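Each remark here refers to the structure printed beneath this line.
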Amino acid sequence: MMRNASVSELNDGIIRNMAIGALFSDFVGKINALDFHRTADLLVTTGEDDSVRLYDIANGKLLKTTHHKKHGADRICFTHHPSSVICSSTRNIDSGGEALRYLSMYDNRCLRYFKGHKDRVVSLCTSPVDDSFMSGSLDHSVRIWDLRVNACQGILHLRGRPTVAYDQQGLVFAVSMEGGAIKLFDSRSYDKGPFDTFLVGGDMAEIWDIKFSNDGKSMLLTTKSNNIYVLDAYNGEKRCGFSVDASPNTTIEATFTPDGQYVVSGSGDGTLNAWSISTGSKVASWDSNIGVASCLKWAPRRVMFAAASKGVLTFWIPKDANSTATSFER
């Protein structure tokens, strides 16, 4: 089992002490996306090799691999059930409109198709409180769905490449638009339009990723120009901002720690970096050992994060006190 400090005890020392505890290099091509389950010790990934892979993060083990040659595998999110996921397609979008699939990892079945998008889905998130989920597509639309029915429940048409995120209470969702604007909607009455709009002053770059902190007080934005911003989720004021090296052919991802006190991000120079939100200062910088990390997320309930790049997935955990040895039992 993986030794694990409490996520409520995170401090600068623990952050600096993070190191690779497990590495998986059997992918062919780029890893497209990864997601942790909210309550189970599970991670799921998608890859250019059309694979969906399920991992036990407590023991650092690959549990299952499925392949999806017909549709491919791009964005992915767990549902509430630990063996079910929503996965977006890379193929057969125009012809069949099968841009989204509800998959059972238990028996490798497609439980439902969600049709409507006319182009690739670039952002995907599930509600933390019910069976709703959202998808943002290059067809300039955001669609709201319910896992239990095929039909789209709502649609928002907008300019630019949309990025979507629910807050951790499922009461609010955020949608990015052209020119770096973030619009906030009430999940229960989104048809009335946004109740607020945030702008990051001076930065008009497209927003590639949005995350809410667990306490709902902060929003994390990552832009196409590799700028990272932490905003006050209530009034949109910028709490801090960080810039990392450009990565012309790779988009990076940033993540909050579960306590909302730190931000960790990849960079175009192949490093991973951590900053304290309260001080705005860099706390740690590590060689990722995998090149530019395009996928990066911190586990919801553990002192652990996952970073992935072309062909390689790594699990990062605190080093043992007296050595660099890790505490996964393989």
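Some notes on this structure:
- Environment charge of residue 225, counting only residues whose C-beta is closer than 14 Å and scoring Lys/Arg +1, Asp/Glu -1: -2
- Zone of residue 217's modelled label, taken as backbone nitrogen in region 243-264 under 19 Å from a point 7 Å along Cα→Cβ: 255-264
- Put a plus charge on the Cβ of each Lys and Arg, a minus charge on the Cβ of each Asp and Glu, and nothing anywhere else: the dipole of region 121-187 about its Cα centre is then about 200 debye.
- Within the shell defined by Cβ-Cβ distances under 11 Å, the residues around residue 30 carry a net charge of -2, with Lys and Arg each +1 and Asp and Glu each -1.
- Å² of accessible area per residue within the chain, as computed with a 1.4 Å probe and no ligands counted: 41
- Once the C-beta distance of residue 19 and residue 112 is scaled by a Förster radius of 56 Å, the resulting FRET efficiency is 0.85 to the nearest 0.05.
- Normalised by residue count, the chain yields a Cα convex hull volume of 121 Å³ per residue.
- The residues neighbouring residue 53, those whose beta-carbon lies less than 13 Å from its own, together hold a net charge of -4 under the Lys/Arg +1, Asp/Glu -1 convention.
- Translational diffusion of region 67-115, µm² s⁻¹ [Kirkwood Rh, Cα pairs; Stokes-Einstein; 25 °C; 0.890 mPa s]: 229
- Calculated P(r) tail over 18 Å for region 172-330, as whole % of Cα pairs: 60
- Taking 0.36 nm per residue of separation and subtracting the current Cα-Cα distance, fully stretching the chain between residue 146 and residue 204 would add 17.6 nm.
- Ordering 38, 112 by accessible surface, largest first, gives 38, 112; the 1.4 Å probe counts only protein heavy atoms, with every chain in place.
- The heavy atoms of residue 118 present about 140 square angstrom of accessible area, all protein chains included, probe 1.4 Å.
- Dipole of the chain computed with +1 at Lys/Arg Cβ and -1 at Asp/Glu Cβ about the Cα centre; of 140, 218, 181, farthest Cα towards the positive end is 140.
- Computed Rg/Rh of region 46-163, alpha carbon atoms with Kirkwood Rh: 0.96
- Rolled with a 1.4 Å probe across the full set of protein chains, the surface gives residue 71 an accessible area near 10 Å².
- Ratio Rg/Rh, restricted to region 1-102 and using Cα atoms, in which Rh is the Kirkwood radius: 1.05
- Rg and Dmax of region 208-269, based on Cα coordinates, read 11.4, 34 Å.
- Pairs from 183/282; 224/310; 61/118; 70/297 whose Cα-Cα separation, in the structure shown, is over 26 Å: 183/282; 61/118; 70/297
- Two-decimal log10 I(q)/I(0) for region 15-70, as the Debye equation yields it once each C-alpha is a single scatterer, q = 0.16, 0.22, 0.29 Å⁻¹: -0.53, -0.92, -1.26
- CD proxy at 222 nm, helix term only [per DSSP H run n ≥ 4: -39500 (n - 2.57); per residue of the chain; nearest 500]: -500 deg cm²/dmol
- Distance cut-off 18 Å, percentage of C-alpha pairs in region 103-211 lying past it: 48
- Label-zone membership for region 210-247, site residue 158, 7 angstrom Cα→C-beta point, backbone N under 11 Å: 210
- Length-normalised contact order for region 148-261 - Cα pairs under 8 Å, 6+ apart - percent: 18
The values are calculated or read from the model by the stated rules, or taken from the named source; none is laboratory data. Small disclaimer: the values here were computed from a predicted structure and weren't measured. Methodologically, a virtual Cβ is constructed for each residue, glycine included, from the backbone with ideal geometry; neighbour enumeration extends over all protein chains shown. Accessible surface is based on the protein model in full, side chains and every heavy atom, while ligands, DNA and RNA are left aside. Shrake-Rupley method; radii C 1.70, N 1.55, O 1.52, S 1.80 Å.
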